[in-house]
1. Would you pick out the residues in region 47-68 that are surrounded by fewer than 23 Cβ atoms within 10 Å (Cβ to Cβ), over 16 Å from Phe152 (Cα atoms) and of a type outside the set (A, V, I, L, M)?
2. Picking from Ser370, Ser356, which residue would you name as being closer than 22 Å to Asn8 by Cβ, surrounded by fewer than 23 Cβ atoms within 10 Å (Cβ to Cβ) and in contact with a Phe, Trp or Tyr (Cβ under 7 Å, 6 or more places away or on another chain)?
3. Report every pair of residues separated by at least 6 positions or lying on different chains whose Cβ atoms are under 9 Å apart, first residue within region 203-226 and assigned to a loop (DSSP other than H, G, I, E, B), second at pLDDT 95 or above and among the polar types (S, T, N, Q).
4. Provide a single number: the residues in region 248-301 that are closer than 19 Å to Ala224 by Cα and charged (D, E, K, R).
5. Being in contact (Cβ under 8 Å) with a residue 40 or more places away in the chain, surrounded by fewer than 19 Cβ atoms within 10 Å (Cβ to Cβ) and either touching a Gly at 6+ places or on another chain (Cβ under 7 Å) or at positive phi (or both) is the filter here, so list the residues in region 119-143 that pass it.
6. Considering every residue within region 325-338, establish whether at least one is in contact with a strand residue (DSSP E or B) (Cβ under 9 Å, 6 or more places away or on another chain), surrounded by fewer than 21 Cβ atoms within 10 Å (Cβ to Cβ) and free of Cβ contacts under 8 Å to residues at least 24 places away in the same chain.
7. Contact list please: Cβ distance under 6 Å, first residue in region 294-318 and under 15 Å from Cys23 (Cβ atoms) and at pLDDT below 95, second residue surrounded by 24 or more Cβ atoms within 10 Å (Cβ to Cβ) and among the hydrophobic types (A, V, I, L, M, F, W, C), pairs at least six apart or on different chains.
8. For region 365-379, name all the residues that are charged (D, E, K, R) and within 15 Å of Leu55 (Cβ to Cβ).
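The values are calculated or read from the model by the stated rules, or taken from the named source; none is laboratory data. These numbers come from a predicted model, not from an experiment. Ideal geometry is used to build each Cβ from the backbone, glycine not excepted, and the neighbour counts take in all protein chains shown.
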Amino acid sequence: MTSKERINAAMNLQHPDRVPLMCQFSIGSMMVQLQPNPIEFWYDKNVFAEGLVALCEKFKFDGILVSLHGHSDKWRKDLLSTECIGEGEYKLTYPDRTEVHSWTDLPLVKFNQQKTMPTIEDIDVEKDIPSVINYIPVSHNLYFDIDQENMFDVFDIIYLKVGESVSIHGEITSPFDYFLDLVGYQDGLVGLIMEPEKCHAIIDKYANGVRDLAVKMCDKHIDAIKISSPFAGMGFISMEDYNEFVLPYERRIIEAIRAKGVHVYIHTCGSISDRLELMRESKTSGLECLDPIPVGNVDLEDAFRRIGNDLFIKGNIDSINSLLFADDEKAETDVRKIIETGKNMGKGFILSTACSIAPKVTKERLLMLSQLIYKYGQY
């Protein structure tokens, strides 16, 4: 089987020749492993694409997740200056902000004027919420602009490099995440209680924009789309709020993606054991993360018993306690147990870190994953 066939078999709830392997790299882990020019890696679609392919080949992964798309060819247009401030570390100055790019993590952005969060009651949904999604809310204060003229070029570049050999996945962001980014996490969560109708109107418009973006992405050479929904776990919202403010909007997007013949999976961090069946109602093809204790509260065997007949599962290696801090014996034992559980209990299973690979996880630990797959992952 090719890597692409292997991943697709798992997503179709079938057993491939062996357990597929596909972890999500954090930007920090990409930087540590590749040590590219960090500015070009962030802004240049060709450098980013080459890096993703190189990482996939280096660690023998079966799939590539394209977490950033819409790279602009004009990112230097307003750049005032570039300064090297350390080994692999650069400071970029723009008229409205400074950015520090390095080999260790995401870019650090500081705006000249602090962003003001609008109050929910003051938001004009028609005027203030974009109909077209033109940015990715990567992290606090960090945004990746989506160039509408080059929205999906990076997918074309990767496909030209790997063809049909490797599974290519895109990524979109949950409408709920856009809502919280707009109004702030605290005010957004309070607003669900105090102003639910206005919150619904805001999330609804974001959902339409995200759906339209996803449908266009489906026309590229991709096998699946990941919905990044990090703030929908038990640590943020209740089951009732999930059912009201997350589920119906993600289901709308998922149904549109599935109608295009593309798989889709939801990525929610932390504790989600209480809502596995509810997440299944979204009509998703699969779930990612399923963080184990202590990062989350999902037991893999329990998850397979509850949803494994209906959804593929992508997870659930603890990147911190099993890969980063554990000794060799514990790391191998933890990963082998997950491989055996997924292989024996799941109709569709993809071995992965639960969330992103922590930046300081060594290349030796990442190479260990494919070694264990080849040794213990055969069906």
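1. Selection gives Gly51, Glu57, Lys58, Phe59, Lys60.
2. The unique qualifying residue is Ser370.
3. Ile222/Ser167; Asp223/Asn8; Asp223/Ser167
4. The qualifying residues number 10.
5. The answer is Pro130, Ser131, Val132.
6. Yes, region 325-338 has at least one match.
7. Gly315/Cys289; Gly315/Leu290; Gly315/Ala354; Asn316/Leu290; Asn316/Ala354
8. Across region 365-379, the qualifying residue is only Arg365.
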